[in-house]
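This report concerns only the one structure given below.
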Amino acid sequence: MKSQPKSKLHEWQNKAKDGVCTKCGQTRFLTVDHIIPVSWIVALCLKELAYEMEDNFQILCKWCNAEKGNGIDVRNPKTFEVLEKIIIIAKNEVKV
């Protein structure tokens with residue numbers, strides 16, 4: 001029986017085990033955060049992208065992740081890069 005290929009999210013979860021919070025430098029209680037929240041991506045009908053778009057992942061400690069919540073961090077330079085990529089993909093997906 002073939003094993004299922006691991007998602008990019010799963011790979012990042014493994015990276016988080018030995019990582020550092022990109023916001024505060026904490027090395028314990030790390031999580032993988034979506035720079036652009038999954039709910040935003042799903043709203044654009046791009047659910048499959050939510051768990052495979054590696055550019056959209058960052059490692060945060062549980063406290064920084066909770067503080068960010070379901071929003072975006074406009075101070076993070078990657079936020080607008082990733083958002084722009086998602087918008088371009090969404091525009092190409094939508095047939096007018």
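With respect to the numbered conditions (1) at negative phi; (2) within 13 Å of the chain's Cα centre (by Cα), which one is the sole condition not fulfilled by ALA43?
Failed condition: (2).
Tally the residues that are open to solvent by 90 Å² or more (accessible area, probe 1.4 Å), in a loop (DSSP other than H, G, I, E, B), farther than 14 Å from LYS68 by Cα and modelled with pLDDT of 85 or more, restricting the search to segment 1-22.
2
Tell me which residues, restricted to segment 39-59, are farther than 15 Å from HIS10 by Cα and either touching a Leu at 6+ places or on another chain (Cβ under 7 Å) or of a type in the set (Val, Ile, Thr) (or both).
Passing the criteria: ILE41, VAL42.
Residue pairs, Cβ under 9 Å, 6 or more apart or interchain, first in segment 26-41 and more than 14 Å from ASN56 (Cβ to Cβ), second assigned to a loop (DSSP other than H, G, I, E, B) and of a type in the set (A, V, I, L, M). List them.
As it stands, the answer is GLN26/VAL20; THR27/VAL20; LEU30/VAL20, since those pairs meet every condition given.
How many of the residues in segment 67-78 are closer than 22 Å to ASN14 by Cβ and without any contact (Cβ under 8 Å) to a residue 24 or more places away in the chain?
0
The values are calculated or read from the model by the stated rules, or taken from the named source; none is laboratory data. Since we're looking at a predicted model, the values are computed, not measured. Neighbour counts run over all protein chains shown; Cβ positions are idealised from the backbone, glycine included. Calculation scope for accessible area: heavy atoms of the full protein, side chains included, ligands and nucleic acids excluded. Shrake-Rupley method; radii C 1.70, N 1.55, O 1.52, S 1.80 Å.
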